[in-house]
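Since every read-out is calculated from the coordinates, none of them should be taken as a lab result. Since the model is a prediction, treat every value here as computed from it, not as a measurement. Cβ sites come from the backbone with ideal geometry, for glycine too, and all protein chains shown count toward neighbours.
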Amino acid sequence: MTLLSLTDLVATLPRHARLLGIDPGKKQVGLALSDVSRMVASPFQTVKRGKLGQMASFIRDLAKEHEIGGMVVGIPLSLDGSFGPAAQASRDWALALSEQTGLPVCQWDERLSSSAVNRMLIDEADLSRARRAEMVDRLAAAYILQAALDSLPR
């Protein structure tokens, strides 16, 4: 499998297939789902980051259950937009996950997504640090996926 542009990814999908948004962290992976019209991203869940094979199996099961046709994986570009070691690791992981799940994949800039979500949770939701930590990964995945969905032509 290869990385696709978001436009090419969407062009390969069946009409009502959902997209899975993924915020790959070092310890946890945040997941979000689009609706079938691919207009709204919703936080789904957070899973512990383990071995790639386990993650691929989990995502294959999700794909069957929720009719997921493709993945949008966050890529941590440097603040200046350059492609550093973290971005390369994310790219390699996304490609390997795509290969093992059979789902097409694209990457979307995730710069500051977790920071934006944390700010929102502090400023607007007034949540404790422990409660924020529990929610931030899946909310960041939704933030990434929603940005990608918003960029699609309607």
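Brief remarks follow.
- Neighbour cut-off at most 14 other Cβ (10 Å), DSSP loop, trypsin sites (Lys or Arg not before Pro), segment 1-36: Arg15, Lys26, Lys27
- Cut-off 14 Å between beta-carbons: net charge of the residues surrounding Leu19, Lys and Arg +1, Asp and Glu -1: -2
- Estimated FRET transfer efficiency when R0 is 22 angstrom, pair Asp150-Ala86 (beta carbons, to 0.05): 0.35
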